[in-house]
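In what follows, a single structure is set out as structure tokens and then discussed.
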Amino acid sequence: MLDDLSPSLLFTLAFAAALLLGLATRYWLATRQARHIAQHRDAVPTAFAATVPLEAHQKAADYTLAKARVDMLEMAWAAAILLGWTLLGGLDLLNQALLSVMAPGLWQQLALLAGFAVVSGLLDLPFSLYRTFVVEERFGFNKMTAGLWLADLAKGLVLGAVIGLPIAALILWLMGAAGSIWWLWAWGVWMGFNLLLLVIYPTFIAPWFNKFQPLQDEALAARVTALMQRCGFSAKGLFVMDGSRRSAHANAYFTGFGAAKRVVFYDTLLARLTPEEVDAVLAHELGHFRHRHIVKRIVTMFALSLAGFALLGWLSNQIWFYTGLGVRPSLAGGNDALALLLFMLAAPLFTFFISPLMAAVSRKHEFEADAFAMAQTDGRDLASALLKLYEDNASTLTPDPVYVRFYYSHPPASERLARMGVGTT
Ligand SMILES: [Zn+2]
């Protein structure tokens, strides 16, 4: 029977099957998560009964449920858009429209990438607006004004044009000029670009969106510096970022590498935690460095993208890759932008099924960083800092275990605190 099917039709069927299976899995997981949280809304779990007020627990449940409802709508929306671009002919339409006004070549292909980015961006806007100004607003997290939101959008567009277009042009040029191993060259360029971003993001890009000021609190600075020396780290500076301009969510992170490393605290985090707790949170971040998690993540990304580029190198020569996804390739060549876009659209459908593996590795790293922090600081401080952050971010304490296995990059609070010897008695 299958012999009668053309490769193009087979590929369409595989694409549709992956889309449906992925969508069904996502809905099943989201429904499980919502049901589990609703069932546990009435009482704080015993392990947290003494530390978490019922009101905070219920706010976390309501917030998680509200986000889950938006997620479910957005999944359907994203699937419809994906079908629109591919099997329903959206990408083909855009390509043919551009070809009717431009000569085939690098500029036409660049226009196709830019046109796609703008239309996709516009289609994502309703959900982005709804999340920020309805969901986050209702739970008191949103601090953005419409003006700031628009300014962010404009800056994002400028960055996309200034950074994205040249790199896209370079990759398109390689695809046309570097022969059959163009994908190896393109991979090298892409990796170089990512490494460059690691350097320029903290120093040039992030300051365009937020204010970074040296940590003023001298007692805290001395404390944090002592911790870093104890752990054998040096950093170029300790900075406080005005995260409160956009959101009440709190965070702290390490950025840069080599000598350019810097520690960034959100002002929202410093406002909430005691100096001991700030120490514990920083020690957790140092744990990620000590265990080389950052390097491991970068190496994994390098290896996965090499496989991705090699696959794209092969797929871009198969007619069925285009026709199976609703696009008419030009027989004279010059289909590189189409190949890039189709690959970006289709690949996530298949990689979705390895996401539990990536999440499991990430959760293991979190446990290792927690263990490092407990060896360097008092475990009780890390535990109380975590509980405060969970409460402030309205993170649920009762996620569905299967949902956790699939999506959670961090272990649930109950598991982390149990390992800290808190909440087990
Ligand atoms: Zn971590």
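Yes or no: LEU397 in a loop (DSSP other than H, G, I, E, B), away from the ligand (no atom under 16 Å from the Cβ), over 30 Å from GLY90 (Cβ atoms) and modelled with pLDDT under 95? Explain how you work it out, then say what you get.
Details: in a loop (DSSP other than H, G, I, E, B): yes; away from the ligand (no atom under 16 Å from the Cβ): yes; over 30 Å from GLY90 (Cβ atoms): yes; modelled with pLDDT under 95: yes.
Here the answer is yes, as LEU397 does meet what is asked.
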Seminar exercise, completed: If we ask which residues in segment 366-394 are within 16 Å of the ligand (Cβ to nearest atom) and of a type in the set (Asp, Glu), their number turns out to be 4
Seminar exercise, completed: So, first residue of a type in the set (S, T, N, Q) in segment 204-228, second residue part of a strand (DSSP E or B), Cβ within less than 7 Å, six or more apart or across chains; the pairs are ASN210/MET241; GLN213/PHE239; GLN213/VAL240
For this session: Give me the pairs, please: first residue somewhere in segment 27-38 and in contact (Cβ under 8 Å) with a residue 12 or more places away in the chain, second residue anywhere and among the aromatic types (Phe, Trp, Tyr), beta-carbon distance under 6 Å, and either six or more positions apart or on two chains.
Result: LEU29/TYR403; LEU29/PHE406; ARG32/TYR403; GLN33/TYR403
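Would you kindly identify the strands (runs of 3 or more DSSP E) lying entirely within segment 189-277 that contain at least 3 residues that are within 26 Å of the chain's Cα centre (by Cα)? Walk me through it before giving the result.
Working: elements: 212-214, 237-241, 252-255, 262-266.
Strands (runs of 3 or more DSSP E) meeting the threshold: 237-241, 252-255, 262-266.
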Seminar exercise, completed: Per the list (1) surrounded by fewer than 20 Cβ atoms within 10 Å (Cβ to Cβ); (2) more than 15 Å from the ligand (Cβ to nearest atom); (3) closer than 22 Å to GLY22 by Cα, residue check on LEU325 breaks on (1)
Exercise. Looking at this structure, is SER362 away from the ligand (no atom under 14 Å from the Cβ) and assigned to a helix (DSSP H, G or I)?
Worked result: no
Exercise. Could you say which residue among ALA168, ALA161, ALA186 is outside any loop (DSSP other than H, G, I, E, B), touching a Gly at 6+ places or on another chain (Cβ under 9 Å), farther than 28 Å from ASN393 by Cβ and not polar (S, T, N, Q)?
Worked result: ALA186
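Pick out the one residue from VAL281, VAL299, VAL295 that is within 13 Å of the ligand (Cβ to nearest atom) and either more than 25 Å from LEU417 (Cα to Cα) or of a type in the set (A, V, I, L, M, F, W, C) (or both).
Details: VAL299 fails: within 13 Å of the ligand (Cβ to nearest atom); VAL295 fails: within 13 Å of the ligand (Cβ to nearest atom).
Going through VAL281, VAL299, VAL295 in turn, the sole match is VAL281.
From ALA383, ALA346, ALA373, which residue is under 20 Å from the mean Cα position of the chain (by Cα) and assigned to a helix (DSSP H, G or I)? Working first, answer last.
Details: ALA383 fails: under 20 Å from the mean Cα position of the chain (by Cα); ALA373 fails: under 20 Å from the mean Cα position of the chain (by Cα).
Residue meeting the stated conditions: ALA346.
For segment 127-158, how many residues are part of a helix (DSSP H, G or I) and loosely packed, with under 12 Cβ neighbours inside 10 Å? Don't jump to the end; show me each part of the working.
Here is the first cut: in segment 127-158, the ones part of a helix (DSSP H, G or I) are 127-138, 146-158.
Restricting the remaining residues to those that are loosely packed, with under 12 Cβ neighbours inside 10 Å gives 146-147, 150, 154, 158.
So the answer is 5.
The values are calculated or read from the model by the stated rules, or taken from the named source; none is laboratory data. The structure presented is a predicted model; accordingly, all values stated were derived computationally and were not measured. Note that each Cβ is placed from the backbone with ideal geometry, even for glycine, and that neighbours are counted across all protein chains shown.
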